[in-house]
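Chemist: This is the structure I have questions about; it appears just below.
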Amino acid sequence: MTSATTALWVDPEHDPRSTGPEPSGEKETVWEYLCRYRMTLVMKCDGLDAEQLARRSVPPSALSLLGIVRHLANVEHHWFQRVLNGRHTPGPFELPEVADHDFAGATATDACVTEAWDAWGEAVAASDDVFWSEEMDREVPFADGTVEARDVLVHLIEEYARHMGHVDLLRECIDGRTGL
């Protein structure tokens, strides 16, 4: 690795987020971005123990890497199952009586970490099933009107992108690791 790339998270030649040929068309492009953000989440959390994953950012915030994993499991569930699929079931880390349970309930135990990654993986798999059966211009009921499926998909990418900035900072605070 050259000195210009030593600060990078991973050598660009070995970056698993490079998934092959460039995507063709809107749906494949959206899919590629979503997959890269998901993989970035996994990479940035890799190698950390339960205490590190659950470590809070700055008081009084409940933001942690583990909380973000739990939150993104809820986000995947909300947009794909509720909005696109019309299934009004609670997300894996939603408790009506507890605000921000996805973040606040992220505790430094191996069981909590396993539960979070399992729920996130299940939510991603379920989302992927919906994604590939979806027409990008299909309108679905939302709020007081409708929304196109493409808007939902782009919003999910936006959600991941916003949280990857948090993930970068949280990981850097844990062990100083920075980069892509």
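The values are calculated or read from the model by the stated rules, or taken from the named source; none is laboratory data. From a predicted model like this one, the values you see are computed outputs, not experimental measurements. Every residue, glycine as well, gets a Cβ built from its backbone with ideal geometry; the counts of neighbours run over all protein chains shown. For the accessible areas, the whole protein counts, side chains as well, though only heavy atoms, and no ligand, DNA or RNA atoms are used. Shrake-Rupley method; radii C 1.70, N 1.55, O 1.52, S 1.80 Å.
Chemist: Kindly provide the set of residues from region 32-61 that are open to solvent by 30 Å² or more (accessible area, probe 1.4 Å), in a loop (DSSP other than H, G, I, E, B) and not polar (S, T, N, Q), ordered by number.
Modeler: Scanning region 32-61 gives Asp46, Gly47, Asp49, Arg55, Arg56, Val58, Pro59, Pro60.
Chemist: Shifting gears a bit: How many of the residues in region 128-180 are within 14 Å of Tyr37 (Cβ to Cβ) and either touching a residue at least 24 places away in the same chain (Cβ under 8 Å) or assigned to a loop (DSSP other than H, G, I, E, B) (or both)?
Modeler: 15
Chemist: Right, next: Can you say whether His71 is in contact with a helix residue (DSSP H, G or I) (Cβ under 8 Å, 6 or more places away or on another chain) and within 28 Å of Thr146 (Cα to Cα), as far as the supplied structure shows?
Modeler: Taking the combined requirement at face value, the residue satisfies it.
Chemist: Same structure again: Have a look at His155, His88 and point out the one that is out of contact with any Lys or Arg (no Cβ under 9 Å at 6 or more places or on another chain) and not charged (D, E, K, R). Spell out the reasoning first.
Modeler: Values: His88 fails: out of contact with any Lys or Arg (no Cβ under 9 Å at 6 or more places or on another chain).
That would be His155, the only listed residue that is out of contact with any Lys or Arg (no Cβ under 9 Å at 6 or more places or on another chain) and not charged (D, E, K, R).
Chemist: So, of the residues in region 89-127 that are within 18 Å of the chain's Cα centre (by Cα) and part of a loop (DSSP other than H, G, I, E, B), which turns out to be surrounded by the fewest Cβ atoms within 10 Å (Cβ to Cβ)? It would help to see each step written out before you state the result.
Modeler: Residues of region 89-127 within 18 Å of the chain's Cα centre (by Cα): 90-94, 100-106, 112-127.
Restricting the remaining residues to those that are part of a loop (DSSP other than H, G, I, E, B) gives 90-94, 100, 105-106.
On the way: Pro90: 12, Gly91: 20, Pro92: 18, Phe93: 26, Glu94: 16, Asp100: 16, Gly105: 17, Ala106: 29.
If we take residues in region 89-127 being within 18 Å of the chain's Cα centre (by Cα) and part of a loop (DSSP other than H, G, I, E, B), then Pro90 is surrounded by the fewest Cβ atoms within 10 Å (Cβ to Cβ).
Chemist: So which pairs qualify, if the first residue must be in region 89-108 and more than 22 Å from Pro59 (Cα to Cα), the second must be assigned to a loop (DSSP other than H, G, I, E, B) and open to solvent by less than 70 Å² (accessible area, probe 1.4 Å), the Cβ gap must be under 9 Å, and the two must be at least 6 apart or on different chains?
Modeler: Sorted first by the residue in region 89-108, then by its partner, the pairs are Leu95/Gly105.
Chemist: Looking at the structure I just gave you, is Asp110 at positive phi and touching a helix residue (DSSP H, G or I) at 6+ places or on another chain (Cβ under 9 Å)?
Modeler: In short, no.
Chemist: Another question about this same structure. Please work out if Arg82 is part of a loop (DSSP other than H, G, I, E, B) and not aromatic (Phe, Trp, Tyr). Give the steps one after another, and end with the answer.
Modeler: Working: part of a loop (DSSP other than H, G, I, E, B): no; not aromatic (Phe, Trp, Tyr): yes.
So Arg82 fails the test.
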